[in-house]
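Engineer: The structure's right below; bear with me while I get my questions together.
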Amino acid sequence: SELKSLQNLVTSASFNLSSQIGQRYPSLDLQANGLPKYVLGKQYRDYTNQQNLKTSQFTANPSLNIRWDLIDPLRGSDIKIARENFKIAQNNYEIKKRDLILSARGKFLDFQRSKKEVFNGQKSLLTSKENLNDTEARFDSGLGNKLEVLEAQSQYSRDLQFLTRKIKESRVSKNELLKVLNINEDLFTEDRIIFLGYWNKKFEDSYKAALNHQLILKNITENKSFNLNQSKIASAGSKPTLSFTNTFTSTFTKGELNQIEVNKDYHDSSYDNTISLNLNWRIFDAGKSKNLKNASLSALESEDFKYSNALREIRTNLKNLFNELNLIKSTLIYTKSEFDSTEEQLEISKLRYNSGITSQREVINSQREATTALTKYNQAIFEYNILIDRLKRVTGLESDKNCGQNNKIKTPKIDNLGVEFCDIKFSL
């Protein structure tokens, strides 16, 4: 609905532009005072002992007027302003569309992350259930104690709460996605999470691309041109206008006015054709044109400051994105390493517990750490993809599909979670 609203503004600006362009061409007007006009009347003249007079007459007097402004100081600037407003409306539509796409992609990625968290909760709950069953079996056989059973039951309850919370978050995430997509149908996605790409581009190359891609800069440029043309319009108020006109007037009558006996068959006609050049020149306007021009030029200078500020903001934003990207790369490595370690630690803890070397507490702690590590890893992948999308939005460039040679990144591989992962090498 937001895009439709902006699209209507684009259409309106397009019609306005066509209207202003029409000033270049001559206009043709048809005028008629009575088409036709019938006059019926009678004049009584008893006081003069004269006969009464009668009137019965049809008349028609159409005229055609052709006007062509040969010199119009306002026309060129009016057309340019209309064209600039049209471009600004188009840019505003495109900006909103890009922002909505970025928002929708972000919510889609969050939905995938939330589904992965549901899988994480299910996996953790399954492990807790297995531990609880093993603990109860050991207790029944006399090898365990009641405390271990209670600890296993507590962990099972915690994992059940964790899964319930993640299911709720997944439903909320899906509803947010459906809202931004403006659809009411159900939505299904793959459980497999992938990296959206790899950003191997240098900062300066990305910055140059951002300057060409950011429509806010183009809007500021259009506003500068708008104010410049406004100043020209103000100056044009004191310049002469030269117009060509051709007026053709004709008159047709049938009948007579004020006659003793009206001859209804009497008729006559006449026509005139007038060609002229008309000059209109306001020589003195008490400084109005000059003041309006200065006001527009002052507004033009403010657009220069806006442009400089926009450049700094784009550069700062891009620097922050690059810094965040480097940080999330390290987070990806650390969380992946942490998850692998906790997974192995959990398996070892289970073996140690089954061998009677350790207690149930160690297994529960290992399981909790593995669940937390997977959550952090899923979150890191989500934040990485969000950053890639934001970089694409700012620069207009596409991410690389492979890891690339510049960063000495290994060939992508699929880990046991179905997640594409590159062993990213970089300098902190």
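The values are calculated or read from the model by the stated rules, or taken from the named source; none is laboratory data. This is a predicted model, so every value here is computed, not measured. Because the Cβ atoms are built from the backbone with ideal geometry, glycine has one as well, and the counts that use them run over all protein chains shown. Surface areas here come from the heavy atoms of the whole protein model, side chains and all, with no ligands, DNA or RNA. Shrake-Rupley method; radii C 1.70, N 1.55, O 1.52, S 1.80 Å.
Engineer: For the range 4-149, calculate the relative contact order in percent as a whole number, restricting contacts to Cα pairs under 8 Å that are 6 or more residues apart. Write down the numbers at each step before the final one.
Structural biologist: On the way: 110 pairs, mean separation 33.8, N = 146.
Dividing the mean separation by the residue count of the range 4-149 yields 23 percent.
Engineer: Let me ask you something else. What residues have an amide H closer than 5 Å to that of Leu257, excluding those fewer than 5 places away on the same chain, when H is modeled at 1.01 Å from N in the peptide plane?
Structural biologist: Placed amide hydrogens put nothing under 5 Å from Leu257.
Engineer: With a sphere of radius 10 Å drawn around the Cβ of Gln23, what net charge do the other residues whose Cβ falls strictly inside it have (Lys, Arg +1; Asp, Glu -1)?
Structural biologist: Details: positive: Arg24, Arg75; negative: Asp69, Asp72, Asp78.
Cβ neighbours under 10 Å give a net charge of -1.
Engineer: Here's something else I'd like to know. Can you give the helix-only mean residue ellipticity at 222 nm for the chain, where every DSSP H stretch with n ≥ 4 adds -39500 (n - 2.57) and the sum goes over all residues, rounded to the nearest 500 deg cm²/dmol?
Structural biologist: Values: 7 runs with 260 residues, N = 428.
It lands at -22500 deg cm²/dmol.
Engineer: Hey, what angle do you get for helix 203-213 against the long axis of the chain, alpha-carbon based, 0 to 90 degrees rounded to 10?
Structural biologist: 30 degrees
Engineer: Same structure again: Apply the Karplus curve 6.51 cos²θ - 1.76 cosθ + 1.60, θ = phi - 60°, to the phi angles in the range 217-226 and return the couplings in whole Hz, x for Gly and Pro.
Structural biologist: 5, 5, 5, 5, 4, 5, 5, 4, 5, 4
Engineer: Starting from the Cα of Lys293, draw a straight line to each of the aspartates and glutamates and keep only those under 16 Å, dropping any in the same chain fewer than 8 residues away.
Structural biologist: Correct list for Lys293: Asp78, Asp285, Glu301, Glu303.
Engineer: Out of Ile388, Gly121, Phe305, whose Cα points farthest toward the positive end of the dipole of the chain (charges: +1 Lys, Arg; -1 Asp, Glu; placed on Cβ)?
Structural biologist: Selected residue: Phe305.
Engineer: Give, as a single signed number, the net charge of other residues whose beta carbon lies under 13 Å from the beta carbon of Asp110, with Lys and Arg counted +1 and Asp and Glu -1. Mind dumping the intermediate values first?
Structural biologist: On the way: positive: Arg105, Lys107, Arg113, Lys115, Lys116, Lys166, Arg171, Lys174, Lys179; negative: Glu117, Glu169, Glu176, Glu383, Asp389.
Charge balance near Asp110 sits at +4.
Engineer: Around Asn278, with a cut-off of 11 angstrom between Cβ atoms, what is the net charge of the other residues, counting Lys and Arg +1 and Asp and Glu -1?
Structural biologist: On the way: positive: Arg67; negative: Asp69.
Counting the neighbours of Asn278, the net charge comes to 0.
Engineer: Straight-line reach from Lys202: which lysines fall under 21 Å, measuring Cα to Cα and dropping same-chain residues less than 8 apart?
Structural biologist: Lys319, Lys329, Lys392, Lys401, Lys408, Lys410, Lys425
Engineer: Something else: When percent of Cα pairs over 34 Å apart is calculated directly from the model, which label among [x] 40; [y] 28; [z] 63 fits?
Structural biologist: Label [z] holds the value from this structure.
Engineer: Using each residue's phi in the range 163-174, evaluate 6.51 cos²θ - 1.76 cosθ + 1.60 at θ = phi - 60° and report the 3J(HN,Hα) Karplus result to the nearest Hz, with x for Gly and Pro.
Structural biologist: 5, 4, 5, 5, 5, 4, 4, 5, 5, 5, 4, 5
Engineer: Further question: Which far-off residues, 5 or more places away or on another chain, put their amide H under 5 Å from the one on Phe195, with H placed in the peptide plane?
Structural biologist: Glu420
Engineer: Please report, in debye to the nearest 20, how large the charge dipole of the chain is about its Cα centre when each Lys and Arg carries +1 at its beta carbon and each Asp and Glu carries -1 there.
Structural biologist: So the magnitude is around 940 debye.
Engineer: Could you tell me the center-to-center distance, by alpha carbons, between the range 234-298 and the range 69-132 in angstrom?
Structural biologist: Taking the Cα centre of the range 69-132 as reference, the centre of the range 234-298 is 54 Å away.
Engineer: For the chain, take the longest principal axis of its alpha carbons; what is the angle in degrees between that and the long axis of helix 288-354, to the nearest 10 within 0 to 90?
Structural biologist: 20 degrees
Engineer: Taking square-rooted eigenvalues a ≥ b ≥ c of the alpha carbon gyration tensor, is the range 269-348 rounded, prolate or oblate, where a/c under 1.5 means rounded and, failing that, a/b exceeding b/c means prolate? List each step's numbers first, then the result.
Structural biologist: Numbers: a/c = 10.00, a/b = 3.34, b/c = 3.00.
Judged from the Cα gyration tensor, the range 269-348 comes out prolate (a/c at least 1.5, a/b above b/c).
Engineer: Give a residue-ordered list of calculated ³J(HN,Hα) values for the range 68-78 (Karplus: 6.51 cos²θ - 1.76 cosθ + 1.60, θ = phi - 60°; whole Hz; x for Gly, Pro).
Structural biologist: 9, 7, 6, 10, 9, x, 7, 4, x, 5, 4
Engineer: Run the reach check for Lys336 against aspartates and glutamates, Cα to Cα strictly under 12 Å, same-chain hits fewer than 8 apart removed. What comes back?
Structural biologist: Asp415, Glu420, Asp423
Engineer: Determine, for each peptide in 124-136, 146-158, the mean count of other beta carbons within 10 angstrom over its residues, then list the peptides with the highest first.
Structural biologist: Working: 124-136: 19.2, 146-158: 17.1.
Packing order, densest peptide first, comes out as 124-136, 146-158.
Engineer: Rounded to the nearest whole Å², what accessible area per residue is found for the range 237-312 with the 1.4 Å probe? Walk me through the intermediate numbers first.
Structural biologist: Values: 5700 Å² over 76 residues.
Result: 75 Å² per residue.
Engineer: Can you find, among Ser366, Phe252, Gly106, the residue farthest towards the positive end of the dipole of the chain? Put +1 on the C-beta of Lys and Arg, -1 on that of Asp and Glu.
Structural biologist: Checked the options; the winner is Phe252.
Engineer: When the label point is put 7 Å from the Cα of Asn246 along its Cα-to-beta-carbon vector, which residues of the range 62-79 have a backbone N closer than 16 Å?
Structural biologist: Residues 63-70 fall inside that zone.
Engineer: Treating the beta-carbon of each Lys and Arg as +1 and of each Asp and Glu as -1, no other charges, what is the dipole magnitude of the range 248-376 about its Cα centre, to the nearest 20 debye?
Structural biologist: Values: 17 positive and 18 negative charges, 164 e Å.
The calculated dipole for the range 248-376 is roughly 780 debye.
Engineer: If you roll a 1.4 Å probe over the chain with all protein chains in place, what percent of the accessible area is carbon or sulfur? Let's see the in-between values first.
Structural biologist: Values: 13540 of 25680 Å².
Looking at the chain in its full context, I get 53 percent from C and S.
Engineer: Say the dipole of the range 120-190 comes from +1 at the beta carbon of Lys and Arg and -1 at that of Asp and Glu; which of Val172, Asn131, Leu147 then lies farthest toward its positive end?
Structural biologist: Of the candidates, Val172 comes out farthest on the positive side.
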